[in-house]
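So that we are looking at the same thing, I have put the structure below in structure tokens.
The values are calculated or read from the model by the stated rules, or taken from the named source; none is laboratory data. Owing to the predicted nature of the structure, the values given are computational and were not obtained by experimental measurement. Methodologically, a virtual Cβ is constructed for each residue, glycine included, from the backbone with ideal geometry; neighbour enumeration extends over all protein chains shown. Protein only, heavy atoms only, side chains kept; ligands, DNA and RNA dropped before computing areas. Shrake-Rupley method; radii C 1.70, N 1.55, O 1.52, S 1.80 Å.
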Amino acid sequence: MARVLNGPTHDVWLDPWLLYLRQRGVDFRFGTPVAALDCEQGRITAARLSSDEVVHSDYYVSALPAERMAPLVNERLAAADPQLAHLSSLSGGWMTGLQFFLRRDLRLAPGHLIFADSPWALTGISQPQFWTPDVLKTFG
């Protein structure tokens, strides 16, 4: 079963979630890469940013692809959670998406389209079939 949002991704998922977390005191540091993670007694105690800033927090969440997180796993972090040492052995493929907001909905088929013979495993969907009619009025 495919899952489709009831509007554009930023409007119905990302922006509300970001607002929710900010209202609860989450401190985001977008565009500032993590250079290292300090770990003491099995817990992350600080994140060292590439700007030389050291960030201390109660909790740390990594929202990094495995290949970006793997170099941050030092001996102490791997000792705290041995599974982290295996990040560098994960393999996967990149995936991307592209949305076009057209002036009118072009319903080519109900649900998803699968272009089975395409060299890049293309799929397509006319998402507005799942949205409220007013959403398209602000796009295109």
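Order Phe100, Phe115, Phe28 by their accessible area, 1.4 angstrom probe, all chains in place, largest first.
Values: Phe100 155, Phe115 100, Phe28 65 Å².
Ranked list, largest accessible area first: Phe100, Phe115, Phe28.
State the percentage of accessible surface on the range 1-130 attributable to carbon and sulfur atoms; use a 1.4 Å probe and exclude ligands, DNA and RNA.
Values: 6070 of 10820 Å².
Carbon-and-sulfur percentage of accessible area, whole number: 56.
In the range 48-140, what GluC sites (Glu not before Pro) fall in a loop by DSSP, with at most 16 other Cβ atoms inside 10 Å? Mind showing how you got there, number by number?
Details: sites: Glu53, Glu67, Glu75; in loops: Glu53.
Taking the range 48-140 and a limit of 16 other Cβ atoms within 10 Å, the loop GluC sites (Glu not before Pro) found are Glu53.
Continuing with the same structure: Compare Ser91, Ser51, Ser126 by solvent-accessible area with a 1.4 Å probe and give them largest first, with all protein chains kept in place. Walk me through the intermediate numbers first.
On the way: Ser91 115, Ser51 70, Ser126 20 Å².
The residues order as Ser91, Ser51, Ser126, largest area first.
Right, here's the next one. Show Trp13, Trp120, Trp131 ordered by accessible area, largest first, where the area counts protein heavy atoms only and the probe is 1.4 Å.
Details: Trp13 145, Trp120 205, Trp131 25 Å².
Of Trp13, Trp120, Trp131, the descending order of accessible area is Trp120, Trp13, Trp131.
Considering Cα pairs under 8 angstrom that are at least six residues apart, work out the relative contact order of the range 1-89 and quote it in whole percent. Could the numbers behind the result be given before it?
Details: 80 pairs, mean separation 17.6, N = 89.
Taking the mean separation of contacting Cα pairs over the length of the range 1-89, I get 20 percent.
So, one more: Mind checking the full-extension length gain between Leu14 and Arg76? Use 0.36 nm per residue of separation minus the Cα-Cα distance, one decimal, nm. Before the final figure, lay out the partial values.
Numbers: separation 62, 0.36 × 62 = 22.32 nm, distance 3.31 nm.
Stretched fully, the Leu14-Arg76 segment lengthens by 19.0 nm.
Taking every pair of distinct Cα atoms and averaging 1/r, then inverting, what Kirkwood hydrodynamic radius in Å comes out for the range 39-110? Don't jump to the answer; show the numbers that get you there.
Numbers: mean 1/r = 0.0636 Å⁻¹.
Roughly 15.7 Å, rounded to one decimal.
So, for the range 30-84, what is the accessible surface per residue at a probe of 1.4 Å, expressed in square angstrom?
For the range 30-84, the solvent-accessible area averages 73 Å² per residue.
Let me ask another. For Gln129 and Leu21, what is the calculated FRET efficiency with R₀ set at 30 Å and r taken between the beta-carbons, to the nearest 0.05?
Result of the calculation: an efficiency of 0.50.
Using a Förster distance of 22 angstrom, determine the FRET efficiency expected from the C-beta separation of Thr45 and Glu67, and round it to 0.05. Write down the numbers at each step before the final one.
Details: r = 24 Å, r/R0 = 1.11.
After rounding, the FRET efficiency stands at 0.35.
Scaled to the compact-protein estimate 2.2 N^0.38 Å, what is the alpha-carbon radius of gyration of the chain, rounded to two decimal places? Can you show the working numbers first?
Working: Rg = 20.6 Å, N = 140, 2.2 N^0.38 = 14.4 Å.
Against the empirical 2.2 N^0.38 Å value, I get 1.43 for the chain.
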